[in-house]
1. Taking interchain pairs and intrachain pairs at least six residues apart, which have beta carbon atoms under 8 angstrom, with the first residue in the range 5-32 and within 26 Å of H59 (Cα to Cα) and the second surrounded by 15 or more Cβ atoms within 10 Å (Cβ to Cβ) and among the aliphatic types (A, V, I, L, M)?
2. Among the residues of the range 1-15, write down those that are modelled with pLDDT of 95 or more, over 16 Å from E42 (Cα atoms) and either basic (K, R) or not in a strand (DSSP E or B) (or both).
3. So which residues in the range 39-53 are among the charged types (D, E, K, R), out of contact with any His (no Cβ under 9 Å at 6 or more places or on another chain) and assigned to a strand (DSSP E or B)?
4. Can you tell me which residue within the range 22-38, out of those that are assigned to a loop (DSSP other than H, G, I, E, B) and touching a strand residue (DSSP E or B) at 6+ places or on another chain (Cβ under 6 Å), is modelled with the lowest pLDDT?
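The values are calculated or read from the model by the stated rules, or taken from the named source; none is laboratory data. The structure presented is a predicted model; accordingly, all values stated were derived computationally and were not measured. Ideal geometry is used to build each Cβ from the backbone, glycine not excepted, and the neighbour counts take in all protein chains shown.
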Amino acid sequence: MADHKEVRVERLYLKVPNTDKLRKGSAGRHRHLLAAGWREVERIPGIDHISVRYERTGHVPLKLRLPRAGQETVRMERRPRGQGFGGGRPGGRGGGRGRGAPPAARQPQPSAPPTPPA
């Protein structure tokens, strides 16, 4: 098989603008990529960051080599949806605004018309 080439561009932030001193997280990311087999190809300086272009080559990963399988079989749903298995309750952790809401949030009940005094 032919060689596989990966390219990525990372933005690494600086401690002080217009210097080469990287922040702690950016320096760790840079060291990690170099240890994982990436080569630094190009640096593009900026005001508060530098853009670094990394490349690595090697064999084609298995994920890219295998053909994608078509979806031929239809799977049956394992659990029915509805009232039975926890899917039928309204609301979430806070609960719904139905029966358990405080009295102020409930709709006022219509009162009976006043009767005239006799």
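1. Listed pairs, sorted by first residue: V9/V52; E10/L33; E10/V52; R29/L12; H30/L12; H30/L22; H30/V52.
2. Within the range 1-15, K15 is the sole residue that qualifies.
3. R39, E42, R43, R53, listed by residue number.
4. Restricting attention to the range 22-38, the residues satisfying the condition of being assigned to a loop (DSSP other than H, G, I, E, B) are 23, 36-38.
Retained after the next criterion (residues that are touching a strand residue (DSSP E or B) at 6+ places or on another chain (Cβ under 6 Å)): 23, 37-38.
On the way: R23: 96, G37: 91, W38: 94.
Filtering first and then ranking leaves G37.
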